[in-house]
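The values are calculated or read from the model by the stated rules, or taken from the named source; none is laboratory data. All of these numbers come straight from a predicted model, not from anything done at the bench. Methodologically, a virtual Cβ is constructed for each residue, glycine included, from the backbone with ideal geometry; neighbour enumeration extends over all protein chains shown. With ligands, DNA and RNA removed, areas are computed over all heavy atoms of the protein, side chains included. Shrake-Rupley method; radii C 1.70, N 1.55, O 1.52, S 1.80 Å.
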Amino acid sequence: AAVVAPLRRSARSDDLDVRAFALATLHYVRGRDPETRQFLIEQLESVRFEDEASIRGRWVVTLGYLGDIWRERGELGTAAVVYQKALELTPEHPHILAQLADAYSLTGRHDEAIAQFERAVDADPAQSLTLVNYGVALERAGQNDAAAMAYRRALEINPNEHLAHFNLGNHHLRRDEVEEAIGYYVTAVTLQPGLAQGHSYLARSLTLANRLDEALEVAERALEFDRNNPRTRQMVQQLRVAVAAAKGP
């Protein structure tokens, strides 16, 4: 009560920042309490028409930020609850929808993740990274062909989306389409030279294509970016032996 009372006073402030932050805080900590919810509704209804978008925008940004904090801490269930609260204010907010979808995807709630990603894409079709994450969710649900379509849609929007290239490389590698995979991996690491996993997967693909000298060079580059990766270190050692054996005594 000692905290709620001053927050309620601040929720009537003439300062839009103070007002929105107080409303967002009340929503965050007591948003399921019926009395608090009624208070929030009344305050929103009392906002002047010309101020409503500003209040809602600040309110949603505050909740979205708090959701992101829980997500970064690995508390995905809590993050999802906070994102859902933000969507009560702006149901079709593309960033919040995408973050909620990703939280669902990481916790294995694949159908819910896919549904929220589709809403996010509908709300803002121009977000290439949302399409990439949508593709990842589809992959986790076992819908690999649909995932590849999502990655290609991302590249139609932004041909420089390196993660779309990388994930398409993975898609083709799983299908034993090695040359296609190599092409996508090369583009991914060209666009993002620090993508250690991209270099590693490219090295594996080149090994499968029996291009051992190139594979060794790329694997050593992967190791430069991720020196503590034991699998990459082992791959470099194996390729050095293979290259030396191919050259003969």
Next item on the list: Looking only at the stretch 32-52, count how many residues are open to solvent by less than 100 Å² (accessible area, probe 1.4 Å) and either in contact (Cβ under 8 Å) with a residue 40 or more places away in the chain or part of a loop (DSSP other than H, G, I, E, B) (or both).
Entry: 2
Next item on the list: Of the conditions (1) open to solvent by 80 Å² or more (accessible area, probe 1.4 Å); (2) touching a residue at least 24 places away in the same chain (Cβ under 8 Å), Asn170 clears all except one; give me its number.
Entry: (1)
Next item on the list: Tell me which residues, restricted to the stretch 89-146, are aliphatic (A, V, I, L, M) and closer than 15 Å to Ala79 by Cα.
Entry: Ile96, Leu97, Ala98, Leu100, Ala101, Ala103, Leu106, Ala113
Next item on the list: Run down Ala115, Ala98 and say which single residue is under 22 Å from Phe166 (Cβ atoms), part of a helix (DSSP H, G or I) and not charged (D, E, K, R).
Entry: Ala98
Next item on the list: Just give me the residues in the stretch 82-92 being in a loop (DSSP other than H, G, I, E, B) and out of contact with any helix residue (DSSP H, G or I) (no Cβ under 6 Å at 6 or more places or on another chain), in sequence order.
Entry: Pro91
Notebook entry, point to check: Before we move on, is Gly64 farther than 23 Å from Pro125 by Cβ and either in contact (Cβ under 8 Å) with a residue 40 or more places away in the chain or within 29 Å of the chain's Cα centre (by Cα) (or both)?
Noted result: no
Notebook entry, point to check: Tell me, which residue of the stretch 195-233 that is open to solvent by 60 Å² or more (accessible area, probe 1.4 Å) and not in a helix (DSSP H, G or I) is nearest to Asp176 (Cα to Cα)?
Noted result: Asn210
Next item on the list: Look at the stretch 87-142 and say how many of its residues are surrounded by fewer than 17 Cβ atoms within 10 Å (Cβ to Cβ), among the small types (Gly, Ala, Ser) and within 29 Å of Ile41 (Cβ to Cβ).
Entry: 1
Next item on the list: Mind counting the residues in the stretch 7-31 that are open to solvent by less than 30 Å² (accessible area, probe 1.4 Å) and part of a helix (DSSP H, G or I)?
Entry: 6
